[in-house]
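Q: Provided herewith is a single structure, encoded as C-alpha cells, for subsequent inquiry.
The values are calculated or read from the model by the stated rules, or taken from the named source; none is laboratory data. Only a predicted model underlies this, so the values are computations on that prediction, with no experimental measurement involved. Note that we place each Cβ from the backbone using ideal geometry, even for glycine, and neighbour counts take in every protein chain shown.
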Amino acid sequence: MNIAVFCSGSGTNLQAIIDSQKKGYIKAEIKLVVSDMPDCYALTRAKNAGIKTVVVERKNYKVKKDFEAEIINTLKKEGIGLIVLAGYMRMLSEDFIKAYENKILNIHPALLPSFKGTRGIKDAFEYGVKVTGPTVHFVTVDMDAGPVIMQSPVKVTEDDTEESLAQAIHEEEHKIYPRAIQLFVEGKLKIEGRKVRILK
Ligand code: GAR
C-alpha cells in the first residue's frame with residue numbers, strides 16, 4: 001500500500017511514522033509527503049528520509065477546487081491508498097474526502113469530541129481538565145468528528161504547564177499513530193456506523 005502523509009508544521013508525527021516504517025513495523029511505503037507550507041520542517045524530514053515531497057500552496061489557486069484537484073492529481077499518479085494527516089492545518093472539502101472515503105486518517109491532540117479545532121492542547125489545558133490525550137480518527141466531512149480509531153489518556157498534573165502537557169501528548173501521538181496506520185494497512189479497521197472495530 002502506498003501512503004501519503006500531509007503536513008504543515010514540524011512533522012514530529014511524520015518522523016515517528018517514518019521511523020516505524022523503517023523498523024518494519026508499518027508494512028507499507030511512504031510514497032509522498034504533501035505540504036501547503038513550503039518552509040515547514042516536515043519537508044526537511046521527508047527529504048532526509050528520501051521521500052518524495054510536493055508543495056501545493058493554497059494562495060496559488062483562485063478556488064479551493066483547483067487547489068485540491070492539483071493534490072488529487074499527484075495522489076493518483078502515485079497510486080496512494082491511504083492519506084495520513086499529520087499536523088495538516090487545512091480542512092479538506094467534501095469532494096476531496098469523498099474521493100478518498102474511509103481512506104483518510106487524522107490525529108488530533110485532544111480526546112475527541114472535546115476540544116476540536118486547531119488549539120486542542122491549549123483549550124484543554126485552559127479548561128482545566130484532569131485527563132486529555134490524542135485521538136486518531138477517520139476523516140469525515142465534519143471537522144474532527146469522524147469515527148474514533150484510537151485514543152490515549154494523558155493525565156494533567158498540578159505541575160504541568162501547557163508546554164509539558166504538549167510534550168506528553170506528543171509522546172503518546174508518536175506511539176498511537178503508527179499503530180493505527182499499521183492496523184489500517186493490515187485491513188483490521190472495520191467501520192460500523194460511528195464505531196471502529198479493531199479486528200483480531
Ligand atoms: C500534532 O500535535 C497534531 O495532533 C496536531 O498538530 C500537531 C502536529 O505536530 N493536529 C491538530 O491540531 C489538528 N487539528 P507535528 O507537525 O510535530 O506532527
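Q: In the range 113-141, what count of residues is obtained for those that are over 14 Å from the mean Cα position of the chain (by Cα), at negative phi, part of a loop (DSSP other than H, G, I, E, B) and more than 8 Å from the ligand (Cβ to nearest atom)?
A: 5
Q: Given the range 1-104, what strands (runs of 3 or more DSSP E) lie entirely inside it while holding 1 or more residues that are among the hydroxyl-bearing types (Ser, Thr, Tyr)? Reasoning before the result, please.
A: Values: elements: 2-7, 29-35, 52-55, 80-85.
Here the list reads 29-35, 52-55.
Q: In the set 191, 149, 104, which member is away from the ligand (no atom under 16 Å from the Cβ), at negative phi and in contact with a Phe, Trp or Tyr (Cβ under 8 Å, 6 or more places away or on another chain)?
A: None of the other options fit; the residue is 191.
Q: Would you point out the residue of the range 1-27, among those that are touching a Leu at 6+ places or on another chain (Cβ under 7 Å) and farther than 18 Å from residue 108 by Cβ, that is farthest from the ligand (Cβ to nearest atom)?
A: Step one: filter the range 1-27 for residues touching a Leu at 6+ places or on another chain (Cβ under 7 Å), giving 1, 3-7.
Okay, now just the ones that are also farther than 18 Å from residue 108 by Cβ, so 1, 3-4.
Numbers: 1: 21, 3: 15, 4: 15 Å.
Filtering the range 1-27 for residues that are touching a Leu at 6+ places or on another chain (Cβ under 7 Å) and farther than 18 Å from residue 108 by Cβ, the one farthest from the ligand (Cβ to nearest atom) comes out as 1.
Q: Would you call residue 84 at pLDDT 95 or above, more than 10 Å from the ligand (Cβ to nearest atom) and touching a Phe, Trp or Tyr at 6+ places or on another chain (Cβ under 8 Å)? I'd like the intermediate steps shown before the answer.
A: Details: at pLDDT 95 or above: yes; more than 10 Å from the ligand (Cβ to nearest atom): yes; touching a Phe, Trp or Tyr at 6+ places or on another chain (Cβ under 8 Å): yes.
Judged against the criteria, residue 84 is a match.
Q: So, of the residues in the range 22-45 that are in contact (Cβ under 8 Å) with a residue 40 or more places away in the chain and in contact with a Lys or Arg (Cβ under 8 Å, 6 or more places away or on another chain), which turns out to be surrounded by the fewest Cβ atoms within 10 Å (Cβ to Cβ)?
A: Per the stated criteria, the residue is 36.
Q: Let me ask something else. Give me the pairs: first residue in the range 112-128 and more than 18 Å from residue 91 (Cβ to Cβ) and among the small types (Gly, Ala, Ser), second residue near the ligand (Cβ under 9 Å from one of its atoms) and at pLDDT 95 or above, beta-carbon distance under 8 Å, and six or more apart or on different chains, which are they?
A: Here the result reads 124/110, each pair linking the range 112-128 to a residue that is near the ligand (Cβ under 9 Å from one of its atoms) and at pLDDT 95 or above.
Q: Let me ask something else. Here is a check on your reading of the model: is residue 73 away from the ligand (no atom under 16 Å from the Cβ) and free of Cβ contacts under 8 Å to residues at least 40 places away in the same chain? First the steps, then the outcome.
A: Values: away from the ligand (no atom under 16 Å from the Cβ): yes; free of Cβ contacts under 8 Å to residues at least 40 places away in the same chain: yes.
Spelling it out, residue 73 is indeed away from the ligand (no atom under 16 Å from the Cβ) and free of Cβ contacts under 8 Å to residues at least 40 places away in the same chain.
Q: Can you run down the residue pairs with Cβ atoms below 9 Å, 6 or more apart or on separate chains, where the first is in the range 130-148 and over 13 Å from residue 196 (Cα atoms) and the partner is buried (at least 18 other Cβ atoms within 10 Å of the Cβ) and among the aromatic types (Phe, Trp, Tyr)?
A: 132/115; 132/125; 134/177; 144/115
Q: From the list 88, 61, exactly one residue is free of Cβ contacts under 8 Å to residues at least 12 places away in the same chain and of a type in the set (Ser, Thr, Tyr). Which is it? It would help to see each step written out before you state the result.
A: Details: 88 fails: free of Cβ contacts under 8 Å to residues at least 12 places away in the same chain.
On inspection, the qualifying residue turns out to be 61.
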